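The values are calculated or read from the model by the stated rules, or taken from the named source; none is laboratory data. Model, not experiment: these values are computed from the prediction. Don't worry about glycine lacking a Cβ; one is built from the backbone with ideal geometry, like all the others, and counts go over all protein chains shown. Ligands, DNA and RNA are excluded from the accessible area calculation, which covers all protein heavy atoms including side chains. Shrake-Rupley method; radii C 1.70, N 1.55, O 1.52, S 1.80 Å.
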Amino acid sequence: MNRDYGFDHLPGSLHDLIDMRAGTAPDRTFVIFNEAAYTYKHIADLSLRYADRLRQNGIRPGHRVMVLMHSCEVYLAIWFAISRVGAIESPVNPAYKGQLLRQLIETADPALCIVADDFLDEFRLSSEGLVDPSMIYSPDSFLALQWVEPCPRLQIDPRDTAAIIFTSGTTGRSKAVMISHNHQLSFGQAFAEITGLSESDTAYNFLPFFHIAAKFVALATLLTGAKMLLRPGFSASNFWPDVRRHGATVCSAVGGLCHMLQSQPQMPDDSSNPMRLIYAVPVPWEFKQSFEERFGLRLVEGYGGTECNLVAYSRLDEPTPRGSCGRPSPYFDIEIQDGNGRRAAPGEGGEICVRPKHPATMMNGYFGMPEKSLETMTDFWFHTGDRGYFDTDGYLFFLDRLKDSIRRRGENISSFEVERILNSHPAIAESAVIPEPSELGEDEVKAVIVLKPNQQASEEDIFRFAVDNMPYFMVPRFVELRKELPRTPTMKIKKAELTSQGNSQGTWDCEKAGLRATRLGLVLLGTRGS
C-alpha cells in the first residue's frame, strides 16, 4: 500500500488521492477525531455529498469557497469536496473578526461560505455587503440541502489553484498565497520523505487547516497510507496521554511546542511513549539532546514557507551541525544573495532565495496582488524575506526574518540567535527578542521571558547570563518577565503584538539598574537604581 511518489508521480488532484485510497483500502482508518475512527471511504463518500451540494449551489471551477471552522473530519470532507468541483478553498483563521475578517472576505471574494455555528453571527456581520447572505451556510445546514444530482467528475490540471492561504500579515495586509494541487501534494510528499513516514505510522495533527502545515501532515498521511490523529488544538497536558492512547508516532511542531513539553515536570515514564520523531521548526538546539533522551525520540528540522515548500531539512541518517536547519532538498535550489542579488560566499549572511527543479511545486502567486508576486520573484528566484547563510559543507543556517533583524549601534542582530542563547538558561522556558526604539536612534534589544514552572531567576540574573554567553552588542538592555507569550493558533509567538505594546512599569532596564554590557565587559554606571 505504501508508495514512494517523489515529485514526478504525484496524483493529479486532492480528490484523486482520497479516491485512490478509498478504492484500495476502503475500510482502513484515515483519521481519528473525538475518539471516533473514520475510514478513507467514509471521508471520500462524505466529500462526494458536499461536492453535490456545492455543484447544486452553482459552484464551478475557479470559484472561491471560504471555510471558517476548526479542524475535524467534516473539514477534511469539505476540503476534498471543493477540489472535486474545481473550486478554490479559502480557509480563514476562526479567531479573525471585525475589520481584519472583512479584509480577508473582500480579498477572496468568495462565491459561497461554510462557517461553523460558533462563528456564523460574527461572519455575517463582517461580510455584510460583500457576500450574499443566502450563500453562507453552516456545515450541517449545507449538507441538509435537498440532493439533486451527483457532481460530475472533473479533470483537474495539477497546476490549477486549489487553495489560497492567507499569511499572517504582520507587516501589512495579509497576502493570499495561491497554492496549486501539485504544490499541496508536493508539500505532503516532502514531509513524508523528511520524516520517513510509512503506513505503520500515526501522525498527530493539532494544527489548524488554514495553515499549510496541517495540510501537509494530512497529505503525507494520505500519500503513505498512514493514519492521522486529528485534534482542534494543542494541549501540553493532554499531548502525551493522547500519544500513548492512540499510538501516535510522528508530529509537526511549530513555534514553542518543544519548549512547552520540556517545561512540563519530569516523570519517570517520559520516554515510555510511541512517538519516534518530531519535525520541529525550529529545533531547540539549546536542549535538543536532553529532550531526545528524555522522551526517547528524534528531532528533525526543516526550512520552508507557504509560498515555497519545504526546501531544506536535516537528515535522519547524518549528523547536522548545531544550529543548522539542514541541507537543501533535492527538489529545490537555494542561494544566499546579498542586497544586490549577488551570491554570497559561505559564511556570509544574506537573503535566502529559492528556485524549484520541478513544475508547480511553489506558489502560483499572490491572489489579487500581481505586483507583489513579481516583486518576490526577482531574477527568477523566490525571495523569502529570511536571512541566512551556508557553511562550507553546504548546511543552511537560518538567521532571522529580515523584518525581525535588529539594528543596534551599527550591528545587525539576529533575534533568533539571541533567543537560542537565552533559552539555554536552566530557568528559562522560552523567550521572544524584539527591538525597542533607542534614544540614540536605531534599536535596543528587549527580551520577553517566560520562566519554567517552579524556577526562579531575576531580570538581572538573566542579563548577567547574557553578558557571559553572547557578544556585548547582542545583550538585551530590557528584560521583561511574563507568565506566557501571545501566540497565533499555529503556536507562533506574536512578536508584532509584543513590539507594539512597548515597555511597561514591569520592564527592567539594565542602565537604570546601573549596568551596561560593553566590548570590555560589564561596567557599572554609577549609583545603581538611579
Taking Tyr331 and the conditions (1) closer than 28 Å to Tyr40 by Cβ; (2) open to solvent by less than 30 Å² (accessible area, probe 1.4 Å); (3) touching a Phe, Trp or Tyr at 6+ places or on another chain (Cβ under 6 Å), which numbered condition does it fall short on, given that it satisfies the others?
(2)
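May I ask you to verify whether Arg477 is among the basic types (Lys, Arg), at pLDDT 90 or above and touching a Cys at 6+ places or on another chain (Cβ under 9 Å)? Please lay out each step first, then the result.
On the way: among the basic types (Lys, Arg): yes; at pLDDT 90 or above: yes; touching a Cys at 6+ places or on another chain (Cβ under 9 Å): yes.
Judged against the criteria, Arg477 is a match.
Strands (runs of 3 or more DSSP E) wholly in the stretch 397-454 with at least 2 residues that are over 18 Å from Ala517 (Cβ atoms) - which ones?
Numbers: elements: 406-408, 411-413, 428-437, 443-451.
Passing ranges, in order: 428-437, 443-451.
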Got at least one residue in the stretch 88-98 being under 26 Å from the mean Cα position of the chain (by Cα), part of a helix (DSSP H, G or I) and farther than 23 Å from Asp157 by Cα?
yes
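Give the residues of the stretch 496-515 that are among the hydroxyl-bearing types (Ser, Thr, Tyr), open to solvent by 50 Å² or more (accessible area, probe 1.4 Å) and either within 21 Å of Val475 (Cβ to Cβ) or in a loop (DSSP other than H, G, I, E, B) (or both), sorted by residue number. Quick ask: steps written out before the conclusion?
Within the stretch 496-515, the first condition is being among the hydroxyl-bearing types (Ser, Thr, Tyr), and the residues that meet it are 499-500, 504, 507.
Filter once more, so that each one left must be open to solvent by 50 Å² or more (accessible area, probe 1.4 Å): 499-500, 504.
Matches in the stretch 496-515: Thr499, Ser504.
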Consider Ile136 against the criteria (1) under 19 Å from Phe166 (Cα atoms); (2) free of Cβ contacts under 8 Å to residues at least 40 places away in the same chain: it satisfies all of them except one. Which criterion is unmet?
(1)
Subset of the stretch 465-495 that is touching a residue at least 60 places away in the same chain (Cβ under 8 Å) and not in a loop (DSSP other than H, G, I, E, B) - its residue that is surrounded by the fewest Cβ atoms within 10 Å (Cβ to Cβ)
Arg487
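Select, from Pro265, Pro346, Pro359, Pro321, the only residue that is assigned to a loop (DSSP other than H, G, I, E, B), open to solvent by 40 Å² or more (accessible area, probe 1.4 Å), touching a residue at least 12 places away in the same chain (Cβ under 8 Å) and within 20 Å of Thr195 (Cα to Cα).
Values: Pro265 fails: within 20 Å of Thr195 (Cα to Cα); Pro346 fails: within 20 Å of Thr195 (Cα to Cα); Pro359 fails: within 20 Å of Thr195 (Cα to Cα).
After ruling out the rest, the residue left standing is Pro321.
Any chance you could count how many residues in the stretch 443-489 are within 30 Å of Pro232 (Cβ to Cβ) and among the hydroxyl-bearing types (Ser, Thr, Tyr)?
So in the stretch 443-489, the residues within 30 Å of Pro232 (Cβ to Cβ) come out as 448-454, 482-489.
Checking the rest, the ones that are also among the hydroxyl-bearing types (Ser, Thr, Tyr) come to 488.
Selection size over the stretch 443-489: 1.
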